[in-house]
Amino acid sequence: MAESRSCDEVLKAAFPSIVQKDEVQKEFSHFLVSKDLLPAITRYLHTQPGLHGRLTLLWAVDNRPTRNTYGLHYLFTLEPSHRWMLLSAELAGNDRLFPSITPHIHAAQWYEREIRDMFGLIPQGHPDLRRLVRHEHWPKGTHPLKKDFLWDHVLGRQQGEHHFRRIEGEGVFEVPVGPIHAGIIEPGHFRFSVAGEPIMQLELHHFWTHRGVEKLFEQQTLTAAVPLAERVSGDTTIGHSLAYCQAVESLLHLEVPRRGRYLRSLFLELERLHNHLGDVGAICNDTAYALPHAHCSRMKEQIMQLNDRLTGSRFLRGVTRVGGVAIDLTAAQLAEIVAEMDRIEQDFSELESIIAHNASLIDRLETTGVLTERTAWDHAVVGVVGRASGLDQDLRRDRPFAAYDELPVKVVNYRYGDVRARMRVRMDEIHESMRLVREVRLKIPQGPVAGEPSRVAQTGEWALSAVEGWRGEILYMVTAGENGTIQRCKVRDPSFVNWPAIQWAVIGNIIPDFPLINKSFNLSYAGNDL
Amino acid sequence: MSPIIQSLLLVTAQVIVLLTVSPFLVGLIRKVKARFQCRQGASVFQPYADIAKLFRKQPVISTTTSWIFPATPYILFASTLSAGLLVPTFISQTPLNFSGNIIALVYLLALGTFFLILAGLDAGSAFGGMGSSREAIVASLTEPAMILSIFAIALTAGSTNLSTIVHKTALLEGIATDPSPHLMALAALFIVALAETGRVPVDNPATHLELTMIHEAMVLEYSGRYLALIEWAAGLKLAVFLSLIANVFAPWGIATTLAPTAMGIGLLVYAVKIAGLAVLIGVLECMFAKLRLFRVTDLLGVAFILALLGLLFFYILRS
């Protein structure tokens, strides 16, 4: 605590004009900043050795109905202490310009473009002001997250063309891939500039299936929006619903019973397991080595069937609820889970040694798609990808939630940042998750699994919450509206920050290795495009 | 029986054998791979159903293509089948042995590849172009290795006519006692066969990833009967290579006369040999990951050196 206080003091000493807000939330420092100071202060936070701030979330709020302002909020994680620091600025009246911090903090690039598309606020000095979420066929002036935009408004269509960055020269070709792919995957467009086979540049053009999730949240009540959160990214049911529920619980000052918190950890680990198992197999399959794929698919299926037996849903839908979890597990069920873990771990360890001893496979994985620690840090990469590039971060250890304060997690870390490192992180995390599941069974206390809310959130109150999903940090910011409604809900899937990083990881690799690199990142298209 | 009728009958028999056996080989490899992955897998006869289905489907042709695009499947199919008629299958006499030898075989196959490369470029899609350029690399590197390995055999048998080579080997006539040149050439030809037929570790026929494809990328634009012909031709090419390997290196059991019993035994032995080779390919595909694209040249370089060594060994051992 003393350390974090001193961080506040350092910042206040450097920028005397900023105001510290002493709000209810004691878990982070909150400063009010004038918008002109933003670039300088964020740069200071990001580069000052003692602070080492990583841009964690950047969101805007339309406050015009009540205060006639737009709010901008910059959340930083100070790496040495893992403490959050929030900077807030306001755009008053008709002011629609705000200074871009992207020139110094690359990680802000997509956030600022997203804010421009969703709110019509313009980041001045942003190096790339093309549309991101709003494709060019969206009519001019469509900014869905503004309060005066109706949620059921049917959009027209206009002519428009997206301009890709071009590299020109003799022998340089563009290879467009997608948004329709040969495999059963989500839509995404990749534009390669190649000289022969080596990739000179990759540009992503995603956001093909915008569902308006954040707008839909605003039509829901705080306690009823869990099913929506579960469906933000189909493979991350628990991760998203848990992050959402935690934010709502802190708005309602609701304490989750210990047993409920243990069960949340358990289900989160089960979700991590089936996704990581699938990924390890899929990475091998992309090198045409189908044997591990078949076995990993089987193990993944075993876990999904276990999920089904335990909860009635293969994807663990309907498990999380505000206040705790919706279902309790008996001692016999916990024993069944552990028995299944033992069976799978034995098979998986055997498969692991087969994989590790296959020279032809390892040759494909090593040195492929290297994301250096520097690039990963610059883009504030999170989760599995970050841990494979030497970023030592895991919310389960750094900001314990659910039962992780009582279940210490051994964080996996690899330095090389290649496809093999990303696969190794997943393999080690599979073992770690199984260990955690066993530990949950040993330590889980008796008692209720959910609490009931006793308080109604005041209009304008807001809360932040973070969960380490299987892909990485999932963040939710929920602002309460009148009568238990949601005024604003900012959702951030780890895919949103990791997608831009892939553009750097592929440079210099050859085109046939791209699917492998992409698979090793395995990012969500839906979670990215809300 | 007049020689002409006899020759016609042989041609018919060989065509029937090759056409029926080739989808089976593809199905067999898939089945082996499935069983190795603890999967049930589709029936070994699935490729027949696939081809029959494709023949019934309406083909779609891009408006930007030229005559090359619709002509290529027929050229490919015909050239591969003709190449098949130069290779002894169950009988050491090849139907077309009067008109061509090993060199004709190599270039009949190259003709099909050449047109396929053109067709890949024809539709103007990015994937087709990528597949074509990769296929051109692979084809240009397999060709010398293939020619040299076959020459190593031809030298031992004293003829470039496959019929004569097989016949002599089967009857153990005039074969050098040391098998080293043969073994070297066998290894080289096996690698060439994997590369030419688009198998792991050079290409992955089962992939859905357009960016990694070689052969499949070239034919992405094809549909309907055109695709059926191309798939069938790919199966034929596999059958041709497996027959070549089986009969040139281990011709024993092949019918050397036109007696019905000899032909019956020949047919049975042939079926067992190529099925064995197909199973071997299936097993290999389960054991290895695909090579990086630029490592393929190393592998084909190895094939070339092996073939060259086979050739050198022949002269060293003779003197």
Potential extension, A:Glu350-A:Ser17 segment - 0.36 nm per residue separation minus Cα distance = 113.8 nm
Estimated vicinal HN-Hα couplings, Hz - segment A:70-78 in sequence order (Karplus 6.51, -1.76, 1.60; Gly, Pro = x) | 9, x, 10, 10, 10, 9, 10, 9, 7
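Which order do A:Thr330, B:Thr256 fall in if you start with the one that has the fewest other Cβ atoms within 10 Å? The partial results should precede the final answer.
Working: A:Thr330 9, B:Thr256 17.
Arranged by neighbour count, lowest to highest, A:Thr330, B:Thr256 become A:Thr330, B:Thr256.
How many Cβ atoms of partner chains, on average, are near each residue of A:502-514 if near means within 10 Å of its Cβ?
Numbers: counts 0, 0, 0, 0, 0, 0, 0, 1, 5, 7, 14, 4, 3.
Mean number of neighbouring Cβ atoms from other chains: 3.
Based on Cβ point charges of +1 for Lys and Arg and -1 for Asp and Glu, what charge dipole magnitude is obtained for segment A:213-494 about its Cα centre, in debye rounded to the nearest 20?
Details: 35 positive and 40 negative charges, 54 e Å.
In debye, rounded to 20, segment A:213-494 gives about 260.
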Amide H to amide H, which residues 5 or more places from A:Arg488 or on other chains are under 5 Å from it, using H placed in the peptide plane?
-> A:Thr479
With 18 Å as the limit, write out which pairs from B:Lys33/B:Lys53; A:Lys300/B:Lys290; B:Lys53/B:Lys290; B:Lys237/B:Lys273 have Cα-Cα distances beyond it, or answer none.
-> B:Lys33/B:Lys53; A:Lys300/B:Lys290; B:Lys53/B:Lys290
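Tell me the mean residue ellipticity at 222 nm calculated for the protein assembly as shown from its helices only (DSSP H runs of n ≥ 4, each -39500 (n - 2.57), averaged over every residue, nearest 500).
On the way: 28 runs with 430 residues, N = 849.
Dividing the helical sum by the residues of the protein assembly as shown leaves -16500 deg cm²/dmol.
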Please arrange B:Phe115, B:Phe55 by counting, for each residue, the other beta carbons lying within 10 Å of its beta carbon, fewest first.
-> B:Phe55, B:Phe115
Anything in chain B that counts as a DSSP H helix reaching 15 Å or more along its axis (C-alpha) with Kyte-Doolittle mean of at least 1.0? List them, would you?
-> B:3-36, B:68-85, B:102-122, B:126-157, B:180-196, B:224-249, B:260-287, B:296-318
Along the charge dipole of segment B:3-318, which of B:Asn101, B:Ala262, B:Thr160 sits closest to the positive end, that is, farthest toward it, with unit charges on the beta carbon of Lys, Arg, Asp and Glu (+1, +1, -1, -1)?
-> B:Ala262
Select from segment A:23-77 those trypsin sites (Lys or Arg not before Pro) which occupy a DSSP coil region and have at most 11 other Cβ atoms within 10 Å, ordered by residue number.
-> A:Lys26
Binned Cα-Cα distance frequencies in chain B - 10 Å width, integer % = 6, 26, 35, 24, 8, 1, 0
Proximal lysines relative to A:Lys490, as straight alpha-carbon distance under 30 Å, when same-chain residues fewer than 8 apart are discounted = A:Lys12, A:Lys21, A:Lys26, A:Lys35, A:Lys140, A:Lys146, A:Lys147, A:Lys215, A:Lys410, A:Lys519
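Once you have the Cα-Cα distance between B:Ile61 and B:Ala49, take 0.36 nm times their residue separation minus that, and quote the gain in nm to one decimal.
Values: separation 12, 0.36 × 12 = 4.32 nm, distance 2.29 nm.
Result: 2.0 nm gained on full extension.
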Take A:Ser265, A:Ser465 and order them by how many other Cβ atoms sit within 10 Å, fewest up front.
-> A:Ser465, A:Ser265
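Convex hull over the alpha-carbon atoms of segment A:213-494: what's its volume per residue in Å³? Please list the in-between numbers first.
Numbers: hull volume 33.1 nm³, N = 282.
Here the figure is 117 Å³ per residue.
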Rounded to 0.05, the calculated FRET efficiency for the beta carbons of A:Gln333 and B:Leu8 at R₀ = 51 Å is 0.10
Ranking A:Gln346, A:Gly324, A:Ile283 by how far each Cα lies towards the positive end of the charge dipole of segment A:213-494 (+1 on Lys and Arg Cβ, -1 on Asp and Glu Cβ), the top one is A:Gly324
Extend 7 Å from the Cα of A:Thr372 along its Cα-to-C-beta direction; within segment A:487-517, residues with backbone N under 19 Å of that point are A:500-510
Using modelled backbone amide H atoms (1.01 Å from N, in-plane), which distant-in-sequence or interchain residues come within less than 5 Å of B:Ile214's amide H?
-> B:Asn204
Alpha-carbon Rg with Dmax, taken over the protein assembly as shown, Å = 32.2, 110
Amide proton proximity set for A:Ile122, modelled H, under 5 Å, gap of 5+ | A:Leu97, A:Phe98
Cα-based Rg and Dmax for segment B:91-220, where Dmax is the largest Cα-Cα distance (Å) = 17.4, 54
Provide, as a two-decimal number, the C-alpha radius of gyration of segment A:289-435 over 2.2 N^0.38 Å, N being how many residues it has.
-> 1.19
Segment A:2-124: C-alpha gyration tensor shape, a/c 1.5 cut-off, then a/b vs b/c = prolate
With each pseudo-label sitting 7 Å past Cα toward Cβ, what's the A:Arg67-A:Thr47 distance in nm, one decimal?
-> 3.0
Give me the distance in nm between label points sitting 7 Å out from Cα along the Cα-to-Cβ direction at A:Leu216 and B:Ser180, one decimal.
-> 7.2
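Under DSSP H, which helices of chain A have Cα atoms covering 24 Å or more of the helix axis and a Kyte-Doolittle average no less than 0.0?
Values: long enough: A:258-285 (41 Å, -0.40); A:290-311 (31 Å, -0.64); A:331-356 (37 Å, 0.23); A:419-443 (35 Å, -0.68).
Span-like helices here: A:331-356.
What size of dipole, in debye to the nearest 20, comes out for the protein assembly as shown about its Cα centre when the only charges are +1 on Lys and Arg C-beta atoms and -1 on Asp and Glu C-beta atoms? Present the calculation step by step, with values, prior to reporting the outcome.
Details: 78 positive and 81 negative charges, 177 e Å.
In debye, rounded to 20, the protein assembly as shown gives about 860.
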For segment A:98-209, with the dipole built from +1 on Lys and Arg beta-carbon atoms and -1 on Asp and Glu ones, taken about the Cα centre, which of A:Ala107, A:Gly178, A:Phe119 lies farthest toward the positive end?
-> A:Phe119
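Only the coordinates and a few stated rules stand behind these numbers; no lab work does. The shown structure was predicted, so the numbers you read here are calculated from the model rather than taken from an experiment. Backbone-built Cβ (ideal geometry, glycine too); neighbour counts: all protein chains shown.
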